[in-house]
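To keep things clear, I will list the structure first and then write my remarks on it.
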Amino acid sequence: MPSWTASLVRTAGATRAAELILLAETFTAEQALDWGIVNSVVAKADFAQSVAELAARLAAGPTLAYAEAKRAIAMDWRQTLAHEAEAQARLGLTQDHRNAVGSFLAKRPAEFTGA
């Protein structure tokens, strides 16, 4: 797993990461959004609902594929290519994949079970 420093460099770029780490200055949520450090900014009052909606969306998705994607994101591009080829071959044999293909052909939303 990459360190938070490496993750920050990948996300915000080397120059911005160096500035943030070396100067240790505070920044706003809007700046973090602009720099790509966060995906979204929500009002404090909307936080719990926003998190619940995101959690429900992720839980209803293809969790096995999500796990493989998370592994691939942490790799360099050479490792990622090899990992994705292996993962695609393995995931293509899962019940989730069969359900997704059947749902696509039937023009209905897919339901994923993590199997």
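The values are calculated or read from the model by the stated rules, or taken from the named source; none is laboratory data. Here the structure is a predicted model, which means the values were calculated and not measured. For neighbour counting, all protein chains shown are included, and Cβ atoms are generated from backbone atoms with ideal geometry for every residue, glycine included. Ligands, DNA and RNA are stripped out before the accessible areas are found, and what is left, the full protein with its side chains, is counted by its heavy atoms. Shrake-Rupley method; radii C 1.70, N 1.55, O 1.52, S 1.80 Å.
The largest accessible area among LEU33, LEU22, LEU81 belongs to the first residue in LEU22, LEU81, LEU33, and the rest follow in falling order (1.4 Å probe, all chains). For segment 1-62, what log10 I(q)/I(0) values come out of the Debye formula at q = 0.28 1/Å, with one point per alpha carbon and no solvent? Cα-only, vacuum Debye calculation for segment 1-62: -1.09.
In the chain, helices alone account for a calculated mean residue ellipticity at 222 nm of -20000 deg cm²/dmol, with every DSSP H run of four or more residues adding -39,500 (n - 2.57).
Please give the charge dipole size of the chain, origin at the Cα centre, charges +1 on K and R Cβ atoms and -1 on D and E Cβ atoms. Round to the nearest 20 debye. Write down the numbers at each step before the final one.
Working: 11 positive and 12 negative charges, 86 e Å.
Roughly 420 debye, rounded to the nearest 20.
Where in segment 87-115 does the label zone of ALA60 land, with the point 7 angstrom along Cα→C-beta and an amide N cut-off under 14 Å? Residues 108-113 fall inside that zone. Beyond 25 Å, the tail of the calculated P(r) for the chain holds 46 percent of the Cα pairs. With respect to the chain, whose longest principal axis is taken over its alpha-carbon atoms, helix 47-59 is tilted by about 40°.
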